[in-house]
Amino acid sequence: MNKNSSNIMALAPNTSNKRETVCIFGTGDFGRALGHKMIQSGYPVVYGSRSTQISNLIPKDAEVLSHAEAAQKAAIIIIAIQRQHYNFLIPLAEILHGKVLVDISNNLKLNQYPESNAEYLAQLLPGSRVVKAFNTVSAWALQSGTLDASRQVFVCGDDVEAKQMVMNIVRALGLTPLDKGSLLAAQEIENYPLQLFPMWKFPIFLSLGLTAFFFFYCLALDVIYTYIYEKNNFSFFIAITIPNRVCPVMALILLALVYLPGIFAAIIQLYRGTKYRRFPDWLDKWMLCRKQLGLIALAFASLHVVFTLVTPMRAFVSWRTSKGIISQALNNKTEPLNNTNAWISDSYLALGILGFFLFVLLGITSLPSVSNNVNWREFRFVQSKLGYLALILCTAHTLVYGGKWFLSPSAYKWYLPNIYILSLIVPCAVLVVKFVLIFPCVDKPLTQIRQGWERNPKHSE
């Protein structure tokens, strides 16, 4: 009897997995998208609306009731309306007492109000349990199945149980909840969607500034100087030639700037004899945006590859090639192959190909979907060891191609060095200092410091 009873119980449906009803106040784009996603995930959904008429836009399996009736049918109520309309909730305070209110609203600008929208909602309805969530997810992301958008959902609230209930819903929707603590974090969460690439500002402004500098530098030497002193109009260099000089220079310098803060950090730690002191703010910010600098460098390197591939199609190159052929025909003389130049040409091309390959590998491993699937040692090997190898190859590529201008007086127009000479300053400095840092007499104490050893523990901060 017991055996048969246990078999019957095992075959019976598990009613504990039944989803609780969720109420949504608001039938706008986000409210409809969220309701549709919840219905797909097995949640019964009831909408609270001013109009109880069924619209074609409302998910067909959802129920539409008045706000008071809808609130009575659910323990969790998602407030999908703007802050300026919160006052209509005050008459419902008794019905909403003890219920979980999920505030998903955003503002039009950073710190628009003294307190966050979620805190304001909690002040209006002190008997309710307010949780902030879903404000960093767009209606489009919910409609597209979150396959092409961020899956993180920031959650905060003062009631631990209420917050856990909301986080369970987030997980059921295929999203990843991230607990940010109490409701005091709501304003920070509400500011997230309003920040336009916060970690990209410095890399972008730096890149734009350096690009403008090198562009006008090349314009002065290759177009203006040539026009003034040689009476040649090479203004068309602005379209392909100058960008194809600026892009590799920018890629090399930005790649070097990715590893330069690590050099500074090592020197500072060796000088201080401890790792238990904060780096200067400028160095902290620099180290935090290394990924962005590297990705922008990869973009410049990719443009350089594209510009190089289209070079044979240019009218100027065709004219110069045909001019050389005609010149040899008129002189009845064929120029022999210069093996030295052939070696130099093939060498800098091979170095560039290998360097770009490692460049792309660094960019791929920076993607969250890839970096999440490798352990720390593998990630560090690619980003550090192979990263420095990419810097060496790209520096060698530039050195082999532009090294001939170092000792050529004609390369110093207006006494200014060629752009390739300038591009080698930062990467060569980084590689030289890094070479010194890997000496055992320097690397050993640095490793000890990073493992917790201190030269003067009593003076550490």
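The values are calculated or read from the model by the stated rules, or taken from the named source; none is laboratory data. Note that the coordinates shown come from a computational prediction; the quantities given were computed from them, not determined experimentally. Positions of Cβ are generated from backbone atoms using ideal geometry, with glycine treated the same way; all protein chains shown enter the neighbour counts. Please note that ligands, DNA and RNA were not included when accessible areas were found on the heavy atoms of the full protein model with its side chains. Shrake-Rupley method; radii C 1.70, N 1.55, O 1.52, S 1.80 Å.
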Checklist entry - In region 60-81, how many are modelled with pLDDT of 90 or more and open to solvent by 60 Å² or more (accessible area, probe 1.4 Å)? => result 3
Next on the checklist: Checking the condition modelled with pLDDT under 90, of a type in the set (A, V, I, L, M) and under 34 Å from the mean Cα position of the chain (by Cα), which residue from LEU57, LEU110, LEU121, LEU101 passes?
Outcome noted: LEU110
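Residues checked against (1) more than 18 Å from the chain's Cα centre (by Cα); (2) open to solvent by less than 60 Å² (accessible area, probe 1.4 Å); (3) without any contact (Cβ under 8 Å) to a residue 24 or more places away in the chain:
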residue	(1), (2), (3)
GLN152	no, no, no
VAL155	yes, yes, no
LYS163	yes, yes, no
ARG171	yes, no, yes
GLY174	yes, yes, no
ASP179	yes, no, no
LEU183	yes, yes, no
GLU188	yes, no, yes
LEU194	no, yes, no
Checklist entry - Being touching a residue at least 60 places away in the same chain (Cβ under 8 Å) and in contact with a Pro (Cβ under 6 Å, 6 or more places away or on another chain), is that true of even one residue in region 252-267? => result yes
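Please indicate, with yes or no, whether at least one residue in region 407-415 is aliphatic (A, V, I, L, M), within 29 Å of THR340 (Cβ to Cβ) and in the same structural domain as ILE253 (by the TED database).
yes
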Checklist outcome for this item: Restricting region 289-343 to residues that are part of a loop (DSSP other than H, G, I, E, B) and touching a residue at least 40 places away in the same chain (Cβ under 8 Å), the one nearest to GLY363 (Cα to Cα) turns out to be CYS289
Checklist outcome for this item: The helices (runs of 4 or more DSSP H) lying wholly within region 397-459 that contain at least 2 residues that are more than 25 Å from TYR276 (Cα to Cα), at pLDDT below 90 and not small (Gly, Ala, Ser) are 419-423
Checklist entry - Which one is nearest to LEU110 (Cα to Cα), of the residues in region 196-225 that are open to solvent by 40 Å² or more (accessible area, probe 1.4 Å) and more than 22 Å from the chain's Cα centre (by Cα)? => result ALA212
Item to check | Filter result for the condition that a residue is over 21 Å from LEU349 (Cα atoms) and crowded, with 17+ Cβ neighbours inside 10 Å, over LEU260, LEU330, LEU254, LEU303 | outcome: LEU260
Item to check | In region 407-419, residue farthest from the chain's Cα centre (by Cα) [restricted to those that are surrounded by 14 or more Cβ atoms within 10 Å (Cβ to Cβ) and within 22 Å of VAL432 (Cβ to Cβ)] | outcome: PRO417
Next on the checklist: Just checking, does region 107-116 include any residue being in a helix (DSSP H, G or I) and aromatic (Phe, Trp, Tyr)?
Outcome noted: no
Next on the checklist: Being surrounded by 22 or more Cβ atoms within 10 Å (Cβ to Cβ) and either acidic (Asp, Glu) or modelled with pLDDT under 95 (or both) narrows it down to one residue among ARG245, ARG272; which is it?
Outcome noted: ARG245
